[in-house]
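Notes follow the structure.
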Amino acid sequence: MTVRFDDRVAIVTGAGAGLGRTHALLLASRGAKVVVNDPGGSVDGTGGANAVADKVVAEIREAGGEAVASYASVADEAAAASIIQTAMDKWGRVDALVCNAGILRDKAFNNMSMEDYVFVNQVHHFGTAFCVKAAWPVMRKQQYGRIVVTTSSSGTVGNFGQANYGAAKMAVNGLINVLRLEGAKYNIRCNAISPSAYTRMTEALLPPDIAPWMKPELVSPMVAWLCSEECDQNGEIFAASAGNFARVQYFATEGVQFDPAEPVSIEMIRDSLGKIRDLGTARPYTGLFGMVVEKLRAMGRIK
Ligand code: NAD
């Protein structure tokens, strides 16, 4: 059956351009009522223009869909709450929240001002948390919600000149890892998209033979899936780019287990690095209550 969003309300932040725009257009084309949030502004987050969000709202309406504009910045807690309030005032619910808004202030860390470090985190990390915080009680009350945050390979893998951005993009993964647990019993699912697409943010970076394939609309179907009622994924990260879709997951190697009753020397670490680092033994990382407990039990240190 076709995936539809009739009677569903979706909010897309940063929906005036690039990926946010195509997310909003796709959701609206499948029946969602959409808050198109965007204060406008340049890639570094300065300036602003209402016309940016208005244009996407007009596109949706011309295609027969329903949309309303919000010009608030996600970077300010009260303004971010007003984005959720816009949906509540107009339609009385929030079914899906796509935290997509973003800026760049790239520089090698040595030359990066802490002002630029903080501001990039204010938009990507806190901007996501502010929106989720305002939507959370609404979704809990509804016993339904779909949240998609936007991460990046600049965080999961790293990218020269993006210390502020990489850190902020990893922060949102930490947020959903926890919220997937806290929201589960309220039927709230929290997932992340790790996109790559040709937008004004990446136009200077992408090689000309690759750029034409990196269409933003090729990322949006995964985002829309994660916003759907049918979506049962929770706390997962999906990479999407040029028609390629994949899951991103943390792994841990089998490693070594020393007896915790005995001291561990630096040399024991050095001499075990081959085993510690052997990705051939890797399996999904489950944290403290997974592997360590399993190993201590295997060696008889715990029951
Ligand atoms: P874009 O610059 O085309 O769009 C970002 C939009 O966010 C803009 O319209 C901008 O006005 C808006 N925005 C900026 N600050 C805002 C704020 N404070 N409040 C609300 N809206 C704000 O860039 P894009 O490539 O479409 O990026 C979308 C998201 O995807 C970003 O979070 C970005 O970091 C992420 N991302 C993009 C790529 C890529 O390859 N394009 C890769 C990894 C992650």
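Couple of notes before you dig in:
- Label positions at PHE251 and ASP89, each projected 7 Å from the Cα along the C-beta direction, are separated by 5.0 nm.
- Helices assigned as whole DSSP H runs in the chain whose Cα atoms extend at least 27 Å along their own long axis and whose mean Kyte-Doolittle hydropathy is 0.0 or higher are found at 163-183.
- Cross-link partners for LYS107 among the lysines, with Cα-Cα distance under 29 Å and sequence neighbours closer than 8 places in the same chain left out: LYS169, LYS215.
- Taking amide H as placed 1.01 Å from N in the peptide plane, the amide H of TYR198 sits under 5 Å from that of MET214, LYS215, each at least 5 places away or on another chain.
- Comparing Cα centroids, region 55-96 and region 257-303 end up 49 angstrom apart.
- The order of the peptides 150-157, 266-273, 69-76 by mean Cβ neighbours within 10 Å, most packed first, is 69-76, 150-157, 266-273.
- Listed by Cβ neighbour count within 10 Å, with the fewest neighbours leading, VAL256, VAL68 appear as VAL256, VAL68.
- Beta bridge orientation in region 9-248: antiparallel %, DSSP, nearest 5: 15
- log10 of Debye I(q)/I(0), alpha-carbon scatterers only, for the chain at 0.06, 0.07, 0.12 Å⁻¹: -0.23, -0.31, -0.80
- Only lysines eight or more places from LYS303 in sequence, or on another chain, were considered; those with a Cα closer than 21 Å are LYS295.
- Lysines whose Cα lies under 20 Å from that of LYS141, excluding same-chain neighbours fewer than 8 positions away: LYS33, LYS90, LYS133, LYS185
- Spin-label model, ASP7 to MET299: label points 7 Å out along the Cα-to-beta-carbon direction sit 5.7 nm apart.
- The residues LYS33, LYS55, when put in order of fewest to most other Cβ atoms within 10 Å, stand as LYS55, LYS33.
- Spin-label pair GLU229-VAL178: with each label point 7 Å from Cα along the Cα-Cβ axis, the two points sit 3.2 nm from one another.
Bear in mind that the values in this text are calculations on the coordinates, not laboratory data. Predicted model only: the values in this text are computed from it and were never measured. When we count neighbours, we look across all protein chains shown, and the Cβ atoms used for this are built from the backbone with ideal geometry, even at glycine.
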